[in-house]
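Here is the structure we will look at, set down as structure tokens.
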Amino acid sequence: SPAGRCGGLEVHAQINTSTKLFSASPVGFSAPPNSLVSFFDASLPGTLPVLNKQCVEAAVKTGLALHCSINTKSFFDRNTTFIKNRYACSFQAGYQITQQRRPIAVDGMLTYSLLRGKKWNQVMRKCVHIKQIQLEQDSGKSLHDDVQSQTLIDLNRAGVGLMELVMEPDMCCGEEAAAAVRELQLILQALGTCQGNMSEGQLRVDANVSVHRPGEPLGVRTEVKNINSIRYLAKAIDFEIQRQIDVLQRGGTVFNETRAYDSKSGETIPMRDKEGLQDYRFMPEPNLPPLVVYVDEASLPAGIDASQAVLVEKIKEALPELPSLKRDRLVQTYGILPEHSYTLVNEDGLVEFFEAVLKATTKEPRKVIGWVTNELLGHLKQQDLSVSQSLVSPSALAELLELQEMGHISSSAAKQVFQEMTRSSGKTALHIIQEQDLGLVSDSDQLHNICQRVVDSHPNEVHAIRSGNKKVLNKLMGLVQKETKGRADPVLVRTILQEKTL
Amino acid sequence: MLSLTIKEVSLALREGRISPTELCKKCLNRIKKMHHLNAYITVTEETALQQAQQAEDRLQRGVPKGPLDGVPFAIKDNFCTANIKTTCASNMLKDYTPPFNATVVQKLLDQGGVLVGKTNLDEFAMGSGSIDGVFGPVKNPWSFAAPYRELTGASPDSDWVITGGSSGGSAAAVASLSSFLALGSDTGGSTRNPGALCGVVALKPTYGLLSRHGLIPLVNSMDVPGIMTRCVSDAAMVLDILKGHDIRDSTTVHSPSTSAEFPEDFDVQNIRVGIPKEYHAPGLSAQAAAQWSRVADLFERAGARVEQVSLPHTQFSIVCYYVLCCAEVASNMARFDGLEYGHRSETGHSTEVLYASTRHEGFNDVVRGRILCGNYFLLKKNYEHYFLKAQRVRRLIAEDFRRVFDAGVDVLLTPTTLTDAARYHDFKSENSQARSVQEDLFTQPVNLAGLPAVCVPTALSKRGLPIGLQLIGPAFQDKKLLGVARWLEQRVGFPSISDCEDSLESQDQTGEMKREFNTAV
């Protein structure tokens, strides 16, 4: 039977710069319509593109992080394919400036991992080839009102710099594509070259999907657009693979078409804006000379100002720690499990939080990690908060863990305290412990009484222990903790129970 | 006063022999008197007088901005001018007012120049007659001067001749003495062609020397602002003002290698003058050919080495130009949809219909034809066969020139046009493409190669109409080229139109010529 294949991804990443790719207008999300538009963006006749050096540096930086070769000379092209109609009149000049013939970066590699197994604790490393990274203009937005036959246009986004990353068809399912894009998103965010927010359109993914029988070449592909989250990416690809398999098994034909993902129905549906024959018309962009970047200062020709040039080696030296290295470092430095390193790195700011807690406590990292990835993150997810919005600061959590470490509270009481901390901002752990009387009960007489009651009321268990089944002691301990609401000193309780069941 | 060169009038202004306001008024009056030429689309009387007043204040305080302070100039109406209509002689932009000045316009204003008006052209500069614009054809001032009238007995109303184009309005403005300087644009000869037919000096600088920012494009990879003046020295001075890197145009160059001073007395002894044999084209008139050999002889007698050279790919330049031009036109014109600016059709009941009818009403047949062809040439299946092939031919043409210059030739001497100016009625009867095929033969290869070229008027034809020759130089050697042109200008004795003034001003008087016409042999 046919096997699915995600035939490659085209990722459009909005470059995180203050101004647009070819004009000096500012870049901003949700500004009033048409408020960020220069004469060039509005394509007034006689205006010319002027390349933004920041965008070139961002593309080189991204290319280097993805192990691409940087073309020291690349070209800009006009894509004149766009026909203005009510669905797609968003390139106001009637063409898009892009890099078709020779893009700035080629032939790279993205390594990502899949977490598999029952507890998501098997890490599978995968690779996807990056065919190229090209610089190009973003389009404006057009909104069509069918009732009034009106088209409304907002050019704020028109001309914002994009990096189009073309990934080869090395992924076989939605999950792989999603993991690859998630890794890419982390890399871009670490580099600062793209903010990577998919819902704001800073990162847009189109998926080419085709299916084939093993050993046979790939079938006709479709392109799935309008995917605005990583979760939908996986769903859209898996839906499309299954749809194509169903079509073929019914004896039908898969058409080369563009489809949109409808997140409500979870289906892909044919798009209307590409009706008719597609003919890709390109020509060299005559208003921009070749884009030249230099290896280093030594390779600069005479007369070129180093401050005006883009130097590849200089950018390479300044690359920040990338997610994969960061994960390796966390595993090696703190002895945590690899899957925990994924959780930490996946969440913006969580590594920093974790390391800040470690600095303020004597508790072992392996014991702290659970608090950060389970208690803290669970709470944040539940409340839909980011790490930076957390009501519990790293130092407050460290104080709590330190109290537990010093034996002032039991671990179950510590969890109660934590819950309370997430509700009442500003209260320290110590304050909550005192207020709610959650401190460890280590009054020996009191504990003796409670243990005696438990032993007396559970003769069968006592009998089992006495016959050699020592594990049953744990059940009695649990009953004691229940009586004390988890506040009893476990070491003391164990000693007392052992004495009483001899 | 109006027939002076820039240098002369600038001196007169500084010496107080005339004030900028007086001079401006004289030019404005002249424009009115020459209204029948249809050289101007917009006359900027009000702002011109303001600018003149400001120049006057500066001159009186003895702090002129530069040699152009107070000097009236005109701009082809495809250069953007802030708050002044810029129409490209098209319905599409008939009421378009740009919010900014083209860099070259700004530079002239920064020098204290007084903008008197925007000049007529072929729609979007597509043409070589200046007859295709929506504001009607431009008439060649020499149609109304004594030599043509007397030598041909032509009737003033029906037998007028064209200016050439597409910068015909600018050429007519300079030739008819209503402006001391005019900017044209030159994509395939649009400055040099009307320069030759109207008897003015017309410089097409090296591509990349002058900013194109604010020039509404025809073919981005070939367009250059052109300079039209009454003498070569003026052109050199204006070139100095306009040249230089512009941050708004990434194709302009930093400090060109030869920014040497313009040599007023260039010594042509021992320079090598190339005569391209392929330019002996069919259709070249006997008189133009005679001028060509006359000037070649002038050079030879002065000690220059005049030699025949070969530019073997010349014959392919017209078709190569056509393909590349259409391809760029197709994309450059795509922005005109009536949404943000320009003409918007009334008949649009849906967005698609609005686009279609706007563009149908906005563009003439020539423009629409080129858009259609351009899209055809760029179709995926045609790209290799047309566009790529044309690009390769372009490279071959550029290499032709490079080979000749590398071999030591300093300058090429060629005709500019096949003949002197055609009568409007004769010209109009041929179709537009056939016309451009004929007319642009000597000028287009220069644009394909990005080289500097200057047209110098050398004589009046037997019909009393100007004939000009073209000098072509290596890239960025514009100054040296102008040096050679200046030498030539001083020796050919081309008459000023003011020498034939009487009949030009009042058509019922018989002109008494102040000096003998230097007619072609």
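Brief remarks follow.
- Close amide H contacts of A:I15 (hydrogens built in the peptide plane, cut-off under 5 Å, sequence separation of 5 or more or a different chain): A:G161, A:L162, A:M163.
- When the C-alpha to C-alpha distance is required to be over 30 Å, the pairs from A:K20/B:K243; A:K20/B:K65; B:K76/B:K277; B:K204/B:K462 that qualify are A:K20/B:K65; B:K76/B:K277.
- A Förster distance of 45 Å, applied to the separation of the beta-carbon atoms of A:V247 and B:H385, puts the FRET efficiency at 0.75.
- Table column - 3J(HN,Hα) (Hz), segment A:347-362, Karplus curve with 6.51, -1.76, 1.60, x for Gly and Pro: 9, 4, x, 6, 4, 4, 4, 4, 5, 5, 5, 4, 5, 9, 9, 8
- Per residue of peptide B:321-334, the mean number of Cβ atoms on other chains within 10 Å of the residue Cβ is 4.
- Cα gyration tensor, segment A:226-322 - rounded (a/c under 1.5), prolate or oblate: prolate
- Taken along its principal axes, the alpha carbon cloud of chain A reaches lengths of 94, 64, 50 Å, longest axis first.
- Model label zone, A:S412; criterion: amide N under 12 Å from point 7 Å along Cα-to-beta-carbon; scope segment A:463-502: A:475-490
- The shape of segment A:323-435 comes out oblate: with a ≥ b ≥ c from the C-alpha gyration tensor, a/c is at least 1.5 while a/b does not beat b/c.
- Model label sites at A:K482 and B:H245, defined 7 Å from Cα along the beta-carbon direction, differ in position by 8.2 nm.
- Short-range pairs are left out: with C-alpha atoms under 8 Å and at least six residues apart, the relative contact order of segment B:90-134 is 37 percent.
- Over the residues of chain B, the helix contribution to mean residue ellipticity at 222 nm works out to -11500 deg cm²/dmol, using -39500 (n - 2.57) for each DSSP H run of at least 4.
- The slack in the chain from B:A290 to B:S155, taken as 0.36 nm per residue of separation less the alpha-carbon distance, amounts to 45.8 nm.
- Segment B:291-300 - phi-based ³J(HN,Hα) in whole Hz, Karplus 6.51/-1.76/1.60, Gly and Pro as x: 4, 4, 6, 4, 6, 4, 5, 4, 4, 4
- Taking amide H as placed 1.01 Å from N in the peptide plane, the amide H of A:D489 sits under 5 Å from that of A:V441, each at least 5 places away or on another chain.
- Working value for chain B: equivalent-ellipsoid semi-axes of 31, 29, 24 Å, each the square root of 5 times a Cα gyration tensor eigenvalue, largest first.
- Cα→Cβ-extended label distance, 7 Å offset, between B:E399 and B:E307, nm: 2.1 nm
- Residues A:F22, B:F476, B:F427, arranged from fewest to most other Cβ atoms within 10 angstrom of their Cβ, appear as B:F427, B:F476, A:F22.
- Cβ-Cβ FRET estimate between A:L319 and A:R101, R0 fixed at 30 Å, reported to 0.05: 0.60
- Segment B:267-319 shape via C-alpha gyration tensor axes, a/c threshold 1.5: oblate
- Label zone (A:S388, point 7 Å along Cα-to-C-beta; backbone nitrogen cut-off 19 Å) within segment A:22-43: A:27-31.
- Average Cα contact separation per residue, segment A:323-435, under 8 Å, 6 or more apart, as relative contact order %: 21 percent
- Within chain B, DSSP assigns beta bridges of which about 65% are antiparallel (rounded to the nearest 5).
- With all pairs of separate Cα atoms included, segment A:4-149 yields a Kirkwood hydrodynamic radius of 17.9 Å.
- Only Lys, Arg (+1) and Asp, Glu (-1) charged, at Cβ; segment A:431-502 dipole about Cα centre in debye: 440 debye
- Spread over its residues, the convex hull of the C-alpha atoms of the protein assembly as shown is 229 Å³ per residue.
- Residues of type lysines that B:K380 reaches as a straight line, Cα spacing below 26 Å, ignoring anything fewer than 8 places off in the same chain: A:K73, A:K84, A:K131, A:K225, A:K274, B:K389
- Scalar couplings 3J(HN,Hα) for segment B:413-423, obtained by applying the Karplus form with A = 6.51, B = -1.76, C = 1.60 to θ = phi - 60°, are 10, 9, x, 9, 10, 5, 9, 6, 5, 7, 5 Hz; x denotes Gly and Pro.
- Cα→Cβ-extended label distance, 7 Å offset, between B:Q53 and A:D146, nm: 6.0 nm
- Mean Cα-pair separation over length for segment A:444-500, i.e. relative contact order, pairs under 8 Å, 6 or more apart, %: 42 percent
- Two-site FRET efficiency, B:K32 against A:S199, from Cβ-Cβ distance with R₀ of 56 Å, rounded to 0.05: 0.30
- Counting only DSSP H runs of at least 4 residues, each contributing -39500 (n - 2.57), and dividing by the residue count of chain A, the helix-based mean residue ellipticity at 222 nm comes to -11000 deg cm²/dmol.
- Close amide H partners of B:H245, meaning residues 5 or more places away or on another chain with modelled amide H under 5 Å apart, are B:S255.
Read-outs throughout are calculated quantities, based only on the coordinates presented, and are distinct from any laboratory measurement. Note that the structure is a prediction, hence the values are computed from the model and not measured. For neighbour counting, all protein chains shown are included, and Cβ atoms are generated from backbone atoms with ideal geometry for every residue, glycine included.
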